[in-house]
Amino acid sequence: MTIPAIEVRDLKKSFGDVEAVRGVSFEVATGEVFGFLGPNGAGKTTTINMLCTLARPTSGAAYVAGHDSVSERDDVRRNIGLVFQDQTLDGYMTAEQNLRLHAELYGVESALVPARMEQVLRMVGLWERKDGGVMTFSGGMRRRLEIARGLMHSPRVLFLDEPTIGLDPQTRSSIWRYIRELKEREEITIFMTTHYMDEAEFCDRIAIMDNGLIVALDTPEALKAEVGADRVRIQTEDDDAAIAALAERFELEATLSEGAVTFFVPSGEEFVPRLFAELGVGIRSVSVSRPTLDDVFMSYTGSTIRDAEENTATARNRRVMQVMAGGRR
Ligand SMILES: Nc1ncnc2c1ncn2[C@@H]1O[C@H](COP(=O)(O)OP(=O)(O)OP(=O)(O)O)[C@@H](O)[C@H]1O
Ligand SMILES: [Mg+2]
């Protein structure tokens, strides 16, 4: 029997009155790419910090690579690689110096360092830039270098906290290419957080976290299938009247999200003609789509992830600007 790469049992963390993580349990198998998806403040980083031994759980337990995150801290640390949400490279050193320092901190045998360095730098496409000062790197290059650094000591579990935040779509997709390549090349388990729905699709399984709890956990396909209905979004002359009419005439529960009246029906295309005939409120536009992970999120939490984030948009903007400005620890 193989032990899971990560095992979490009723893990909780409070900061004073704030219950950041309110009791989560899950297992991650060796070799899995496991994603934590949720809006700002959901408790993703707090969970990662407990798994990585950087925060002590208020209660519950977490085992990483078979070791208890509290009583066997050093064993956990030896087995994990970390890429933090905020960047932590030393801008005054070159790429190579950053990796060398990390290898030293982790006690990598010095004879093994040059080959490993070349391997990880080539993987993230930075081998040619190894002598470049990190200060001269773009945000995407720094992120890639951080991933390379997290891999220097051949960890069994790699934790990535929002590895692509604030990056352009092209750089995001190239980082995902490295993650997939990594999964094929090394016997590694990847635990990552994101609030990009499209990225969560690349994970083998995802846990949707909201307000300190896991509200759903499955493969992206299974989660979407569970929604079991098409999403219809309409723009109307009077949204409140449209929501009331949908409830009254069709017994459908609709919500206003991202400026459109949104609801779910089993066969969207067939429903639309009836909608025009019977709604009794002027419709300006209509769109029908298959369920996405955003719909999964909405079906569990009642809001889209973007709407959920609007409340904390200021905090996020601050963080994005921080990353763009070169980061801060
Ligand atoms: N050190 C701390 N002291 C007090 N409260 C904290 C601390 N760290 C986190 N929190 C609170 O715990 C909650 C969860 O925060 P956490 O950073 O885990 O969220 P997150 O899901 O990572 O969000 P984001 O997407 O913004 O990174 C928030 O309400 C946050 O304010
Ligand atoms: Mg976070």
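Values in this text are rule-based calculations from the coordinates and carry no lab data. Predicted, not measured: the structure shown is a model, and the values here were computed from it. Counting neighbours? That spans all protein chains shown, and the Cβs are built from the backbone with ideal geometry, glycine included.
List of remarks:
- Whole-angstrom gap from segment 163-238 to segment 18-62, using each part's C-alpha centre: 16
- Acute angle (nearest 10 degrees) that the helix 95-105 long axis makes with the longest principal axis of the chain, alpha-carbon atoms: 70
- Computed extension length for residue 9-residue 198: 65.2 nm, one decimal, from 0.36 nm per residue of separation with the Cα-Cα distance subtracted.
- Between residue 88 and residue 258, the FRET efficiency estimated from the beta carbon spacing at R0 = 30 angstrom works out to 0.30.
- Label separation (residue 25 vs residue 238): 5.0 nm, computed from points 7 Å beyond Cα along the C-beta direction.
- Cα-based reach from residue 224 at 26 Å (exclusive), listing lysines while leaving out same-chain residues under 8 positions away: 44, 183
- Here segment 117-214 has an Rg and Dmax of 13.9, 44 Å, counting Cα atoms alone.
- Computed E for residue 54/residue 112 - FRET, C-beta separation, R0 30 angstrom, nearest 0.05: 0.70
- Sorted peptide list for 12-24, 203-215, 182-194, criterion being average Cβ within 10 angstrom, highest first: 203-215, 182-194, 12-24
- 16 Å Cα-Cα reach of residue 130 towards aspartates and glutamates, excluding residues that sit fewer than 8 places from it in its own chain: 90, 96, 118, 146
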